[in-house]
Amino acid sequence: MILFATVAALHDDRVFSSIATEQGNFESIANKLLSKINQRTSRMTYVYEEKNFHYIVDSEVIFLCACDERTSRKLAFAFLEDVAKHFFKMYIEPLPTLNAEVCRQFKDVLQQKIDFFSNEASSHKLKSLQTEINKVKDIMVDNIDKVLERGDRIEDMVDRTDDLTEVAEGFMRSSKKVAQKMWWRNVKFWLAAFAVVAVVIFVIIVATCGIKFHCGHNSPAPPPVSPPPPPQ
C-alpha cells in the first residue's frame, strides 16, 4: 500500500504537492531524504522504520513515495513514473515559476493515483499490462535482431549486385568493341571483294577492247562491191 507521496524540486526546498493516507512522520523523513537526493542517482529505495521510501528524479523534479513492506518496488516505481507523466502534462511552465500554490490541484491527482495503485485489482491489471509490455518488448528486440541480420544479408546482396553490375558493364564494353571490330572486318571484306570484282571487269574490258578501249573499230572493213558490167 502507498502511504505517502510528494513532488518537490531537486535543487531547493520547494515542495509542489504532497499527500499522506496514514498518520505518521512521513513528511519529516521525506524532507531529510529530499535534502540528500542528487541528480547522479535517478532512482533509489531507502528503508526506514519498516517503511520503504522510493524516489525517481526527472527533469530536476523529485517524485517520492512511502510504501509498506508488502508493496513491491516494481509497483512503487510504476506509480512514481505515472505521477511524473501526469505532472509534466499538467504543468508546462518553467520550473522556477512553480510552487505549492500553483500546483495545489495536483494533490487530487496524487490521491487518484494512490487509490488506483493501492487497489489489488488495479495492481493485478498493472502487472498483467507490464507483462504484456515486456512480451512486446522482447518481440520487438527479436524483430530488430532479425532486421539487422537481414540488413547484413541485404548489404551482401547489394555488394554482389554491384559486382555483377560491374562485370555486366565490362562485358557490354567488350561486346561493343568486338562488334566494332567485326563491322570493320566486314567493311574491309566487302571493299576487297569490290576491288577484286572491279579488277576482273577491267581486265575483261582490256582484253576485249584493247588498252585504248576502241571496241568495234579494230576489225577490217569489208571489201568494196564492184558494180555489175553494163549490158552488151
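The values are calculated or read from the model by the stated rules, or taken from the named source; none is laboratory data. Given the structure is predicted, the values throughout are model-derived calculations rather than measurements. Cβ coordinates were reconstructed from backbone atoms using ideal geometry, including for glycine residues, and neighbour counts include every protein chain displayed.
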Residue list for region 78-96, restricted to those being at pLDDT below 95 and assigned to a loop (DSSP other than H, G, I, E, B)
I92, E93, P94
Residues that are surrounded by fewer than 21 Cβ atoms within 10 Å (Cβ to Cβ): which strands (runs of 3 or more DSSP E) entirely in region 1-77 hold 3 or more of them?
15-20, 43-48, 51-58
Those residues that are within 43 Å of the chain's Cα centre (by Cα) and in contact (Cβ under 8 Å) with a residue 24 or more places away in the chain, I need them from region 39-55; list them, please.
Q39, R43, T45, F53, H54, Y55
Any idea which of V197, V158 is among the β-branched types (V, I, T), in a helix (DSSP H, G or I) and modelled with pLDDT of 70 or more?
V197
Scan region 34-65 for residues that are more than 18 Å from L98 (Cβ to Cβ) and β-branched (V, I, T) and jot them down.
T41, T45, V47
Only one of N143, N134, N99, N119 is within 18 Å of L10 (Cβ to Cβ) and either more than 32 Å from the chain's Cα centre (by Cα) or at pLDDT below 85 (or both). Can you tell me which?
N99
Quick check: anything in region 75-83 of a type in the set (F, W, Y) and over 42 Å from the mean Cα position of the chain (by Cα)?
no
